[in-house]
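Peer 1: I have a structure I would like to understand better, so I am pasting it below and will then ask my questions one at a time.
The values are calculated or read from the model by the stated rules, or taken from the named source; none is laboratory data. This structure is a prediction, so every number in the text was calculated from the model and none was measured. A quick note on method: Cβ atoms are made from the backbone with ideal geometry, for glycine too, and the neighbour counts reach across all protein chains shown. These area figures cover heavy atoms from the full protein model, side chains too; ligands, DNA and RNA do not enter into them. Shrake-Rupley method; radii C 1.70, N 1.55, O 1.52, S 1.80 Å.
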Amino acid sequence: MMTLLPMCGIVLVNGDLGPVLDFFPLPGCVVHAGFSWLVFVVMASIVVAVITPLAVKVALSRTPPKLLPRNPYPRWWRGAVLLCLVSWILAWTRFDWFARVQPFTFFPLWLGYIGVVNGVTYRRSGRCMLTHRSGYLVGLFLFSALFWWFFEYLNRYVRNWYYTGVDGLSLIQYALFATLSFTTVLPAVLSTYEMFVTFPGLSGGLDNYLKVDIRYPRVAAGGGVCIGCAGLLAIGIWPEYLYPLLWLSPLIIVTGIQRLLGRATIFTPLKHGNWKRLFLLAISALFCGLFWEMWNSFSYAKWIYSIPLVQRFHIFEMPLLGYAGYLTFGLECGVAADLLHLEKAPSPVPFDNSCRPPEL
């Protein structure tokens with residue numbers, strides 16, 4: 001359903017599905033509407049209005065630091081650090097002897113990152129996804145490829161990013177290269193989330209904050225699904241203005257359907273005023289986003305942004321307001337984790353169970 005709705009939007013407008021259905025070559029740079037101060041200020045104000053109350057609550061909370069067991073780093077942690085550093089060097093340099101495999105540094109770089117983060121989590125809590133939930137971690141790698149290919153598909157409509165440095169790859173080579181790279185997205189974000197859970201001060205005070213208790217949850221869920229579907233349809237009609245719905249509509253649709261089926265969602269803890277998981281998922285994706293954009297900036301095979309109306313004030317390749325998309329993306333990563341039944345796994349940190357995903 002979510003893949004067909006934007007296509008239906010294009011059919012309603014002009015019926016030209018060629019650019020959407022062509023898998024390769026990738027769509028290049030598209031000239032979008034120029035920068036608008038009005039749009040920038042309005043969008044920035046919305047982001048600030050949503051984030052500021054949570055950030056202030058955390059900043060003002062006096063969460064006492066909890067004494068954690070000082071476990072040694074696992075044996076593989078140094079290997080992960082080495083893999084990350086070597087891949088980083090190779091990604092940003094242009095050695096002649098490395099030229100043939102220069103485009104393929106993304107996967108080992110992020111594989112090293114995932115190992116490093118899991119090692120820090122193990123050091124602080126005695127547990128981590130790699131050592132205690134390896135089956136779930138494998139599932140995340142496999143599901144992550146499909147997960148991100150879906151967003152690549154939606155980008156065919158809005159054309160907010162495109163790739164360079166992959167022109168020499170055949171169709172099969174690109175498909176394998178991209179799929180392998182995409183497998184690291186969910187493991188990176190969810191591993192970072194588990195690491196952040198071991199730092200109580202990052203979400204202090206959010207386990208007892210504003211309660212959001214909707215009187216008619218099924219009605220709200222049904223309305224949300226309709227709004228999300230309308231948003232995906234509208235992306236195909238007005239991609240120049242509604243591209244933020246690429247990150248919002250799938251989240252609204254999936255969580256709405258979960259609620260209609262009588263299942264818990266990532267928003268269920270809000271009924272009791274617990275905002276911890278949402279906040280940590282959002283900042284985990286933002287944290288990974290900073291590394292994604294930093295490492296991307298000097299890599300050979302890379303993505304470049306072309307975003308309507310807000311393409312200014314870049315941090316690396318990403319315009320400033322683009323980082324707001326990572327906040328919502330973190331929630332979608334949490335939804336993906338729930339779909340893999342990660343909520344039934346043991347708590348990654350025994351000293352704090354408040355950030356566990358809700359039970360079904």
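Peer 1: Name the most mobile residue of 22, 338, 96, meaning the one with the largest mean-square fluctuation, in a Gaussian network model of the chain with Cα contacts below 10 Å.
Peer 2: In this elastic network of the chain, the residue with the biggest mean-square fluctuation among 22, 338, 96 is 96.
Peer 1: If you build a Gaussian network model of the chain, linking Cα atoms that sit under 10 Å apart, which residue out of 337, 175, 301 swings the most?
Peer 2: 175
Peer 1: Which value, in Å², gives the accessible area per residue of segment 182-248 when a 1.4 Å probe is used on the protein heavy atoms? Show your work: numbers first, answer last.
Peer 2: Values: 2920 Å² over 67 residues.
I get 44 Å² per residue for this part.
Peer 1: Right, another one. Note down the nm distance, to one decimal, between modelled labels 7 Å out along Cα→Cβ at residue 30 and at residue 70.
Peer 2: Spacing of the two 7 Å Cα→Cβ label points: 5.5 nm.
Peer 1: Within segment 286-323, what residues put their amide N at less than 16 Å from the label point 7 Å along the Cα-to-Cβ vector of residue 180?
Peer 2: Counting backbone N atoms under 16 Å from the label point, the list is 300-302.
Peer 1: Specify which residue in the list 249, 119, 306 is farthest towards the positive end of the charge dipole of the chain, using unit charges on the beta carbon of Lys, Arg (+1) and Asp, Glu (-1), about the Cα centre.
Peer 2: After comparing all options, I get 119.
Peer 1: Still on this structure, I have one more. With a Förster radius of 35 Å, plug the Cβ-Cβ distance of residue 151 and residue 85 into 1/(1 + (r/R0)^6) and report the FRET value to the nearest 0.05. Let's see the in-between values first.
Peer 2: Details: r = 29 Å, r/R0 = 0.83.
Calculated transfer efficiency: 0.75.
Peer 1: With unit charges on the beta carbons (Lys and Arg positive, Asp and Glu negative) and the dipole taken about the Cα centre of segment 184-308, which residue among 295, 221, 239 sits farthest to the positive side?
Peer 2: About the Cα centre, the residue reaching furthest to the positive side is 221.
Peer 1: For segment 145-253, calculate the relative contact order in percent as a whole number, restricting contacts to Cα pairs under 8 Å that are 6 or more residues apart. Write down the numbers at each step before the final one.
Peer 2: Numbers: 51 pairs, mean separation 36.7, N = 109.
Relative contact order here is 34 percent.
Peer 1: On the accessible surface of segment 135-210, probed at 1.4 Å, how many percent belong to carbon and sulfur atoms? All intermediate terms of the calculation are to be shown ahead of the outcome.
Peer 2: Numbers: 2000 of 2750 Å².
Ligands and nucleic acids excluded, carbon and sulfur reach 73 percent.
Peer 1: Can you give me the solvent accessible area of residue 138 with a 1.4 Å probe, rounded to the nearest 10 Å²?
Peer 2: 80
Peer 1: Follow-up question, since we're still on this one. From the gyration tensor of the Cα coordinates in the chain, what semi-axes in whole Å does the equivalent ellipsoid have, largest first, with each one equal to sqrt(5λ)? Mind showing how you got there, number by number?
Peer 2: Numbers: eigenvalues 194, 162, 73 Å².
Semi-axes from the Cα gyration tensor: 31, 28, 19 Å.
Peer 1: Counting pairs on different chains as well as pairs 8 or more places apart, how many Lys pairs in the chain have Cα atoms under 16 Å apart?
Peer 2: Working: 57/211; 57/276; 211/271; 211/276.
Final tally of qualifying lysine pairs is 4.
Peer 1: Further, regarding this structure: Place a point 7 Å from Cα of residue 12 in the direction of its Cβ. Which residues in segment 240-260 have their backbone N less than 14 Å from it?
Peer 2: Once the point is set 7 Å along Cα→Cβ of residue 12, 242 turn out to lie under 14 Å by backbone N, inside segment 240-260.
Peer 1: Tabulate in residue order the Karplus-calculated ³J(HN,Hα) for segment 200-207, using 6.51 cos²θ - 1.76 cosθ + 1.60 with θ = phi - 60°, rounded to whole Hz; enter x for Gly and Pro.
Peer 2: Going residue by residue, I get x, x, 6, 9, x, x, 8, 7 Hz, with x marking Gly and Pro.
Peer 1: For segment 171-268, taking Cα atoms only, what is the radius of gyration to one decimal and the Dmax to the nearest whole Å?
Peer 2: 17.9, 52
Peer 1: Just grab the label-to-label distance for residue 298 and residue 50, each label 7 Å out from Cα along the Cβ direction, in nm (one decimal).
Peer 2: 3.3
Peer 1: Classify segment 95-227 as rounded, prolate or oblate from the Cα gyration tensor: take a ≥ b ≥ c as the square roots of its eigenvalues, call it rounded if a/c is under 1.5, otherwise prolate when a/b beats b/c and oblate if not. Intermediate values should be presented prior to the final figure.
Peer 2: Details: a/c = 2.60, a/b = 1.32, b/c = 1.97.
Verdict is oblate for segment 95-227.
Peer 1: Can you give me the relative contact order of the chain as a percent, contacts being Cα pairs under 8 Å and 6 or more apart?
Peer 2: Working: 518 pairs, mean separation 94.2, N = 360.
About 26 percent, as a whole number.
Peer 1: Next up: At a Förster radius of 25 Å, what calculated FRET efficiency corresponds to the Cβ-Cβ distance of residue 2 and residue 312, to the nearest 0.05?
Peer 2: On the way: r = 31 Å, r/R0 = 1.22.
Approximately 0.25, to the nearest 0.05.
Peer 1: Still on this model: Leaving out ligands, DNA and RNA but keeping every protein chain, what accessible area does residue 143 have, in Å² rounded to the nearest 10, with a 1.4 Å probe?
Peer 2: Estimated to the nearest 10 Å², residue 143 gives 50 Å².
Peer 1: Report, in debye and to the nearest 20, how large the dipole of the chain comes out about its Cα centre when Lys and Arg carry +1 and Asp and Glu carry -1 on their Cβ.
Peer 2: Details: 26 positive and 16 negative charges, 264 e Å.
The dipole magnitude comes to about 1280 debye.
Peer 1: Shifting gears a bit: For a quick check of understanding: with a 1.4 angstrom probe and all protein chains in place, what accessible area in square angstrom does residue 194 have, to the nearest ten?
Peer 2: Here the accessible area works out near 10 Å².
Peer 1: Which residue, 326, 73, 113, tops the fluctuation ranking in a GNM of the chain built on C-alpha contacts under 10 Å?
Peer 2: In the Gaussian network model the winner is 73.
Peer 1: Please give, to one decimal in nm, the separation of the simple spin-label points placed at residue 220 and residue 263, each 7 Å out from Cα toward the Cβ.
Peer 2: 2.0
Peer 1: Where the only charges are on Cβ atoms (+1 Lys, Arg; -1 Asp, Glu), what is the dipole of segment 120-171 about its Cα centre, to the nearest 20 debye? If you can, show how the numbers build up before the last one.
Peer 2: Values: 6 positive and 2 negative charges, 80 e Å.
Computed charge dipole of segment 120-171: roughly 380 debye.
Peer 1: What ranking of 211, 271, 302 comes out by heavy-atom accessible area, probe 1.4 Å, highest first? Walk me through the intermediate numbers first.
Peer 2: Working: 211 145, 271 105, 302 30 Å².
So, going from the largest accessible area down, we get 211, 271, 302.
Peer 1: Something else about it: Just subtract the alpha-carbon distance of residue 98 and residue 60 from 0.36 nm times their residue separation and send over the number in nm, one decimal. Show your work: numbers first, answer last.
Peer 2: Working: separation 38, 0.36 × 38 = 13.68 nm, distance 5.00 nm.
Extending this stretch completely gives an extra 8.7 nm.
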